Amino acid sequence: MGKSSDKHDGEASDVTVKTDEVLHDKTELIKHRDDEKPNELSNSGKILTSLAAGGIAGGIAKSVIAPLDRSKIFFQTNETRNYRFRYAIRWLKHGYRTEGLLSLWRGNTATLARIVPYSAINFMSFEQYKKLLKVEQAGTPGYHRFVAGSLAGSTGQLLTYPLDRARAVMAVTPGKQYRNLAVVFCNIFKEEGFFGLYRGLTPTLLGVIPYAGTSFWTYETLKAYAVRRKGGDATHPMLPSPLERLGAGAVAGLIGQTASYPLDIVRRRMQTGLQLGKGNKYRTVWGTLLTVYRNEGIYRGWYKGLSMNLIKGPIAVSIAYTVNDYVRLALHWFFGHQER
């Protein structure tokens, strides 16, 4: 009996020792893996990488569609010319023949001066508002993503609007009239005062709320769906695929542009009215909507140039969102942290 008891006690001791050794090994392995994990970026680091990625994405996207954008603005601000897509192409051909290829990008420097900081602030703000509203946490209502997008778009517009006004003025005036942004700013300030730089801000903000909210919500929702459909890990940097991201961005641009288009017409008329000799004809949002409706109707007035937007909008948004994703991923990888 005594020997049997001692034998069992020895076996129990051996099991206990082995269990302790296994637990120790597992603990060391977990520590080792934790040590190998890259350090997560601080919030300031995330802000800087989001700013850089957003600025690059916006600049590339706007440069690609700049000629189409210039053509759209010309017809949006012209009361007498009816819009047809073929007329827009004809106008671009005329500009190319009479003033050269680079004339199609006239005002693009002003566009980039606006869109790079706007896009940078827009994408950075969206990431910060997502964090603030806990969009990524389970159980958070889906509309929080829409709210984050709307707040991000509004923040970007408020901080960069004078550049948007200057760009619109340069797009509809002869090249010799305004040589650069500084001349545009000085002329607007001299003729209209400081608040002239913000002429058209109200319809811009009213338009950007549904546009940015819808665009961000649609893009992020479609991305999440693509990942779930493949049964993949949402944190994997290559999910969804580039083609799926471009597709999600195109749908987001299409829906967002259509939802806010009449306010885009109002914005352009208010921005360029004085420069085109219309005086104070376009002073308020409601007044401009009524004037356009009475003189040009709904389809040829409020939605003038929409077909061009349905082409360039999805192209621009899909490029901007996709480039932003991959540049941000690259910067996070470079600084030792990967995220979706």
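The values are calculated or read from the model by the stated rules, or taken from the named source; none is laboratory data. Please read these numbers as outputs of a predicted model, since none were measured by experiment. Here the Cβ is made from the backbone with ideal geometry for all residues, glycine too, and neighbour counts use every protein chain on show. Areas reflect the complete protein model, heavy atoms only, side chains present, ligands, DNA and RNA absent. Shrake-Rupley method; radii C 1.70, N 1.55, O 1.52, S 1.80 Å.
What to note about this one:
- For peptides 254-262, 138-146, sequence by mean Cβ density within 10 Å, most packed first: 254-262, 138-146
- Accessible-area composition of segment 240-293, carbon plus sulfur, in percent [1.4 Å probe]: 67
- Accessible surface of segment 116-226, 1.4 Å probe: 68 percent of it comes from carbon and sulfur atoms.
- Diagonalising the gyration tensor over the Cα atoms of segment 104-174 and scaling each eigenvalue by 5 before taking the square root yields semi-axes of 32, 9, 9 Å, largest first.
- Accessible area per residue, Å², segment 120-183 with all protein chains present, probe 1.4 Å: 46
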